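The values are calculated or read from the model by the stated rules, or taken from the named source; none is laboratory data. Please read all numbers here as calculations on a predicted model, not as lab measurements. Neighbour counts run over all protein chains shown; Cβ positions are idealised from the backbone, glycine included.
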Amino acid sequence: MGGDDFHKGVKEPNAKLDGSSLRILIVHTRWNSQIVDPLVEGAMTTLQQKYNVKLENIHVRDVPGAFELPSAAQRLLNNSSITFDAAICIGVLIKGSTMHFEYIADAVSHGIMRVGLDTGIPVVFGVLTCLTDEQALQRAGVGSGSHNHGTDWGSAAVEMALLKL
Ligand code: DLZ
């Protein structure tokens, strides 16, 4: 491990994935929108440009904060006239000086996992849990040498939507 050829992050899947028939739900927070908006943009660009997901098949809804993501995703997946193939929950939690971060991060990560298992629809965990604003900006692709994790979440949604034996 390590060295010049060490590839950090997710390796490309072997198969070429075609997302042209997929319907994807994106639920994102308005908290930390300066960081969340580029992440949503990164996910949407990847869905369309890399996997040919049609813009009209990407449905985007926003909620106040990360704590609202699991319940909103569950309601939208269960009560929509659209049958979604995957969802992506996007938010950013930045650690403050109280225990708030720990409680919300724990609740949201478990909540998002539960929505995926309960609905049977893959729900991608697109929530950054960062110690500083700088860390969050780096992971949203803002600034030189940074990487937009939203692009990985778009890929994960397509791969999971198409997962079969
Ligand atoms: C209250 C709160 C705090 C302190 N920090 C964040 C945060 O960093 N990121 C985020 O998405 N939301 C935060 N919130 C709001 C909560 O997620 C939630 O919206 C409120 O507690 C209302 O339920």
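Residue 96 passes every criterion in (1) small (Gly, Ala, Ser); (2) in contact (Cβ under 8 Å) with a residue 24 or more places away in the chain; (3) farther than 24 Å from residue 120 by Cβ apart from (2). Of all the numbered requirements in (1) under 16 Å from residue 32 (Cβ atoms); (2) more than 10 Å from the ligand (Cβ to nearest atom), residue 82 misses one, and that requirement is (1). Taking the criterion of being modelled with pLDDT of 95 or more and either in contact with a strand residue (DSSP E or B) (Cβ under 7 Å, 6 or more places away or on another chain) or of a type in the set (Lys, Arg) (or both), the residues of segment 96-120 that qualify are 104, 105, 108, 109, 112, 114, 115, 116. For segment 18-69, a residue qualifies if it is touching an Asp or Glu at 6+ places or on another chain (Cβ under 6 Å) and either of a type in the set (A, V, I, L, M, F, W, C) or in a helix (DSSP H, G or I) (or both), and exactly one does: 22. Within segment 88-141, the set of residues being in a loop (DSSP other than H, G, I, E, B) and more than 10 Å from the ligand (Cβ to nearest atom) comprises 97, 99, 120, 121, 122, 131, 132, 141. When you scan segment 70-87, how many residues do you find that are assigned to a helix (DSSP H, G or I) and of a type in the set (Asp, Glu)? Number satisfying all stated conditions: 0.
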